[in-house]
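K.L.:
Pasting a structure below so you can have a look.
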Amino acid sequence: MHVEHLLQDESLGLRLLWAEDAQLAREISGVTVTDLEDPARFVRRDEVVLSGLVWWSAEDGPGRAERFVSALRGAGAAALLAGEETHGSVPDDLVEACVRHGVPVAAVPAHIMFRAITDTVYLGRWGELSRRHTLPENVRGRLSRMAAQGAGPEAIVATAFAHLERAVAYVLTPSGRTVAATPGAREIPVGKVAGLLAEAVPVDADGVSPYERWHLCLPDPDDAPPRMVHELASVLGRCQEARVRARAEERQTADELGALLAAPGVDGAAVTAAVRACGLPDEGPYRVLVAETGAQRAGLAEGALAEVVAHAGQGAVGRLADGTAFAVAGGIDVGALQDVWPLVAAAENGVPLYGGTGAPVDIAQALNGALAEARYGLASARSIAGPGGSALADASALTGLDALLTGVPAEVRTAYSRTVLGELRSNAVLLETLETFLARDGSWARTAQALHLHVNTVHYRIGRIEHFTGRDLSRLYDRLDLWAALLCRTESA
């Protein structure tokens with residue numbers, strides 16, 4: 001199958017935006033669906049790339065487009081099919097980047113499902129293979145019935161590969177979680193999954209966040225014919241879509257729990273009942289997590305949090321009234337959370353993922369306080385992550401004043417620093433003297449030594465500092481006020 005065959009299929013309605021004539025005759029080896037800003041590790045040579053463009057935004061549009069198309073060019077993609085649903089049309093930045101890098105690009109109308117394109121590609125690509133290279137008819141029928149009845153991916157994978165005794169297959173998420181595997185398949189460490197994903201077949205399912213999207217992987221591609229693998233991926237897509245529908249009801253129940261936890265003075269029995277309705281045990285330990293992303297896209301933070309919780313076990317994931325994603329889970333070890341957080345965040349390149357948690361609690365009635373603690377951790381994560389970075393902060397680990405202050409909103413910290421330091425903020429010499437003096441426990445001699453000054457000069461400068469701030473640096477409380485003000489300084493201050 002060639003690129004031009006797709007463009008000539010009237011049922012798809014693809015609109016060519018740019019390509020050279022010779023490129024339209026290029027043979028297609030497969031198709032990859034991605035919304036990663038840097039999809040290089042998932043794209044194979046001669047594949048058509050489908051993207052909904054959720055990674056693109058007007059801010060830094062040319063830069064994002066350049067990185068995306070450059071990755072396609074480097075991977076040897078045959079063409080880019082860009083969806084129009086997200087932005088109404090394909091951004092000019094993207095088309096211009098495709099022209100620069102010589103990557104053919106076509107627009108996918110908003111009403112066309114990506115699955116229609118992937119099915120067209122693989123039916124065309126593998127249609128000439130004999131029936132022995134597909135799923136046996138009885139297996140295909142059984143898998144369809146299983147998917148309709150809500151069977152899980154483990155059962156579907158086991159059934160699909162039962163007639164291939166030595167075949168090993170996995171269903172994986174981008175962060176390395178194994179969703180399902182053939183019976184007897186060895187466990188794959190989370191950190192080693194990335195290499196397998198490069199050769200995996202993406203499972204196309206509507207309504208799935210990029211953090212949770214499944215990939216069907218065969219470590220040895222010769223274990224099964226390609227057409228069979230793609231047929232199975234289609235069945236798994238229906239399976240995951242069924243899970244999405246079921247989870248919508250679960251999240252509504254979780255949202256009700258979140259409303260109770262965020263409200264003051266709620267009856268403890270009501271919280272316990274809501275916890276039970278979410279399928280959680282009546283007794284703890286429980287851990288509350290909250291999360292948000294740097295992109296205002298519906299369901300993105302909930303999807304990330306659901307993937308984090310899925311790595312560790314059972315949990316209820318929902319959304320608070322202010323739009324913050326939250327989860328109540330079993331007593332997950334915070335160390336395990338810290339390990340998996342960057343892996344999940346990496347699934348959506350260029351989108352920061354911030355999270356907060358706190359100490360686990362033993363009873364449902366204490367979840368209100370645990371939520372407040374997790375929110376504080378979230379505020380801290382925003383402060384410590386840095387531009388474009390991701391972070392998970394544990395509020396119970398904020399044991400120092402500097403760490404504690406990271407949970408105070410940046411605007412409040414800026415205002416406090418500005419009020420307490422006053423005119424001192426514009427005097428670098430006095431600020432350095434104050435920092436040195438406080439860091440050396442108010443020792444005149446050690447401050448003078450550190451600054452290479454005479455002690456009398458230090459006395460003079462401290463006097464000026466006291467004049468500007470109205471504080472008495474012989475008093476502990478005043479020293480604490482000034483130390484906190486120094487710690488509260490932000491770039492905007």
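K.L.:
As an exercise, find the ratio Rg/Rh for segment 3-126 from alpha-carbon atoms, using the Kirkwood inverse-distance average for Rh.
P.N.:
Details: Rg = 12.9 Å, Rh = 14.1 Å.
Dividing the radius of gyration by the Kirkwood radius yields 0.92.
K.L.:
Restricting to segment 308-449, compute how many DSSP beta bridges are antiparallel as a %, nearest 5.
P.N.:
Just about 55 percent of them are antiparallel.
K.L.:
So for the pair Q23, V455, with labels modelled 7 Å out along Cα→Cβ, what separation do we get in nm?
P.N.:
7.6 nm
K.L.:
Measuring from centroid to centroid over Cα atoms, what is the spacing of segment 355-383 and segment 408-476 in Å?
P.N.:
The two parts, judged by their Cα centres, are 35 Å apart.
K.L.:
On average over all directions, what projected area in square nanometres does segment 410-487 have, based on the convex hull of its Cα atoms?
P.N.:
Computing the convex hull of the Cα atoms and averaging its projections yields 4.7 nm².
K.L.:
Which order do peptides 83-90, 170-177 fall in by mean Cβ count within 10 Å, highest first?
P.N.:
Values: 83-90: 16.8, 170-177: 23.8.
Order by mean packing, descending: 170-177, 83-90.
K.L.:
Under 17 Å from a label point 7 Å along Cα→Cβ of E256: give me every residue in segment 302-327 with its amide N that close.
P.N.:
316-321
K.L.:
Separate question: Which Cα, out of H111, L50, N138, lies furthest along the positive dipole direction of segment 1-138 (beta carbon charges, K/R +1, D/E -1)?
P.N.:
Checked the options; the winner is N138.
K.L.:
For the pair M113 and Q365, what calculated FRET efficiency results from E = 1/(1 + (r/R0)^6), where r is the Cβ-Cβ distance and R0 = 60 Å, to the nearest 0.05? Working shown, then result.
P.N.:
Values: r = 46 Å, r/R0 = 0.77.
The formula returns an efficiency of 0.85 here.
K.L.:
Moving to a separate point now. Just how far, in whole angstrom, is segment 1-71 from segment 244-265 if you go by their alpha carbon centroids?
P.N.:
If we compute the Cα centre of each part, the gap is 38 Å.
K.L.:
For a Förster distance of 35 Å, can you work out the FRET efficiency between the beta-carbons of R166 and V244, rounded to the nearest 0.05? Numbers along the way, then the final one.
P.N.:
Values: r = 33 Å, r/R0 = 0.94.
Here the calculated transfer efficiency is 0.60.
K.L.:
Here's something else I'd like to know. Could you size up the charge dipole of the chain around its Cα centre, putting +1 on the beta carbon of Lys and Arg and -1 on that of Asp and Glu, and report it in debye to the nearest 20?
P.N.:
Values: 44 positive and 62 negative charges, 147 e Å.
Computed about the Cα centre, the dipole is about 700 debye.
K.L.:
Could you calculate the contour length gain from R489 to Q296, that is, 0.36 nm times the residue separation minus the distance between their Cα atoms, to one decimal place in nm?
P.N.:
66.7 nm
K.L.:
Over segment 263-405, consider all pairs of different Cα atoms and compute the Kirkwood hydrodynamic radius from their mean reciprocal separation; express it in Å, one decimal. Walk me through the numbers on the way to the answer.
P.N.:
On the way: mean 1/r = 0.0663 Å⁻¹.
When all Cα pairs of segment 263-405 are included, the Kirkwood radius is 15.1 Å.
K.L.:
Note the per residue figure in Å³ for the convex hull of the C-alpha positions in segment 170-321.
P.N.:
Working: hull volume 20.5 nm³, N = 152.
Given the Cα convex hull of segment 170-321, per-residue volume reads 135 Å³.
K.L.:
If each residue of separation counts as 0.36 nm, what is the full-extension length gain between A410 and Y477 once their alpha-carbon separation is subtracted? Mind dumping the intermediate values first?
P.N.:
Details: separation 67, 0.36 × 67 = 24.12 nm, distance 2.29 nm.
Here the segment from A410 to Y477 would lengthen by 21.8 nm.
K.L.:
Continuing with the same structure: Going by the alpha-carbon gyration tensor, a ≥ b ≥ c the square roots of its eigenvalues, is segment 177-230 rounded (a/c under 1.5) or, if a/c is not under 1.5, prolate (a/b greater than b/c) versus oblate? Write down the numbers at each step before the final one.
P.N.:
Values: a/c = 1.70, a/b = 1.13, b/c = 1.51.
Taking the square roots of the gyration eigenvalues as a ≥ b ≥ c, segment 177-230 is oblate.
K.L.:
Also, I was wondering about something else. Suppose we take every Cα in the chain and form the convex hull; what volume per residue is that in Å³? All intermediate terms of the calculation are to be shown ahead of the outcome.
P.N.:
Numbers: hull volume 90.5 nm³, N = 493.
Hull volume over Cα atoms, normalised by residue count, gives 184 Å³.
K.L.:
Would you calculate the separation in nanometres between label points at D441 and R44, each defined as 7 Å from the Cα along the Cα-to-beta-carbon direction?
P.N.:
Label-label distance for D441 and R44, simple model: 6.6 nm.
K.L.:
Under the classification rounded if a/c is under 1.5, otherwise prolate if a/b is larger than b/c and oblate if not, where does segment 218-305 fall, given a ≥ b ≥ c as square roots of the Cα gyration tensor eigenvalues?
P.N.:
Prolate, since a/c reaches 1.5 and a/b exceeds b/c.
K.L.:
Turning to a different aspect of this structure: Please get the size of the charge dipole for segment 1-113, origin at its Cα centre, with Cβ charges of +1 on Lys and Arg and -1 on Asp and Glu, quoted in debye to the nearest 20.
P.N.:
Details: 9 positive and 19 negative charges, 72 e Å.
Rounded to the nearest 20 debye, it is 340 debye.
K.L.:
Rounded to the nearest 500, what is the 222 nm mean residue ellipticity of the chain from helices alone, with -39500 (n - 2.57) per DSSP H run of 4+ residues and division by all residues? Show your work: numbers first, answer last.
P.N.:
Numbers: 19 runs with 228 residues, N = 493.
Mean residue ellipticity, 222 nm, calculated: -14500 deg cm²/dmol.
Every read-out reported here was derived from the displayed coordinates using simple, explicitly stated rules and does not represent laboratory data. Being a predicted model, the structure only gives us computed values, none of them experimental. No Cβ is skipped: glycine too gets one built from the backbone with ideal geometry, and neighbour counts run over all protein chains shown.
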